[in-house]
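Following: one structure in structure tokens, then a few remarks.
Read the figures in this text as sums done on the coordinates, not as results from a lab. None of these values were measured; they are calculated from a predicted model. Virtual Cβ from ideal backbone geometry, glycine too; neighbours counted across all protein chains shown.
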Amino acid sequence: MTERKKMSAIQRRLIPSYIFLVIVALFSVFPLYWMLTAATNTTQEVAQGKILFGANLMVNFRNLLASAKLWGAMGNSFFYAAALTVLSLFICSLAGYGFELYHDKGKDIVFAILLLAMMIPGVATMIPLFKMMSKMHLLSTVWGFVLPTVATPFMIMMFRQNSRNFPLEVMDAARIDGLGELAIFFRIYMPMMKSTYAAAAVITFMNAWNSYLWPRVVLTDPNSAKTMPILIANLAGGYTIDYGVLMLGVLFCSLPTVIVFFILQKQFAQGITGAIK
């Protein structure tokens with residue numbers, strides 16, 4: 001009985017903490033709930049503050065298809081984000097692998113200089129990058145979108161830090177068995193670092209999908225399909241804004257990143273903590 005009383009006393013002391021966490025969770029979830037309900041209501045209902053689901057979803061969907069190239073923007077965003085994610089994972093993991101497992105003083109100096117690039121705001125490099133892409137005739141192309149961010153200091157640092165837990169004995173055993181350095185990277189390093197790859201994939205895909213400023217600058221062809229963030233900005237930039245259509249567009253823009261995160265959330269948590277499988 002004494003132990004039960006102690007447990008009940010502990011539980012009673014935790015009640016305020018649970019109440020606080022529930023309130024914070026509700027505040028965190030409410031914007032998502034409001035986005036869902038607004039996508040089913042008319043502009044007038046959204047402006048009046050209605051927070052219940054309405055019956056205007058299909059009307060908003062038809063208006064969205066009529067006013068914007070939704071599927072073209074979705075396809076563009078997915079293609080650009082997928083291309084950037086695949087290339088970035090390969091290049092950044094190869095760089096992090098080389099910096100950590102073959103490091104010397106010279107590479108440490110190069111890595112320190114690379115980290116200094118993280119302190120330079122992206123806006124400061126926008127004009128030089130645009131001029132470079134223009135001279136290389138890469139405007140309104142996937143390469144113009146991908147190349148400026150295909151290798152970021154943060155991703156290289158992430159792979160380098162997680163590579164510190166990689167067992168060097170495995171590399172030595174592989175060399176004894178006759179594997180070359182690239183074979184070690186592809187056949188041993190990559191499978192053992194899959195959680196880090198998953199975390200990096202989530203971060204890179206989300207950043208690429210949500211990128212607005214650089215696509216706005218580099219995608220100069222007015223006839224080509226834009227990305228989803230640009231489409232949302234165009235919907236919100238008119239003289240009259242249909243908030244139901246706008247919220248439905250935001251919902252379509254949010255779904256891919258939510259799906260990717262929920263599919264890889266377990267591996268994401270392991271990769272952030274530096275786990276090796």
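Can you give the calculated 222 nm mean residue ellipticity of the chain, where each DSSP H run of n ≥ 4 adds -39,500 (n - 2.57) and the sum is split over every residue, rounded to the nearest 500 deg cm²/dmol?
-23000 deg cm²/dmol, from helical runs alone.
Less than 14 Å Cβ to Cβ from T37, Lys/Arg counted +1 and Asp/Glu -1: what total charge do the surrounding residues give?
0
Which net charge results for the neighbourhood of K226, defined as the other residues with beta-carbon distances under 15 angstrom from its beta-carbon, given Lys and Arg at +1 and Asp and Glu at -1?
The answer is +1.
Over all alpha-carbon pairs in the stretch 158-252, figure out the percentage whose distance exceeds 22 Å.
55 percent
Kindly put D172, D242 in sequence by how many other C-beta atoms sit within 10 Å of each C-beta, fewest to most.
The most exposed by this proxy come first: D172, D242.
So what's the stretch 127-174 giving for Rg/Rh, alpha carbon basis, Kirkwood Rh from the mean inverse pair distance?
Result: Rg/Rh = 1.31.
Over all distinct alpha-carbon pairs, what is the Kirkwood Rh of the stretch 68-272 in angstrom?
Roughly 18.9 Å, rounded to one decimal.
For the stretch 169-221 and the stretch 86-149, what is the separation of their C-alpha centers, rounded to whole Å?
14 Å
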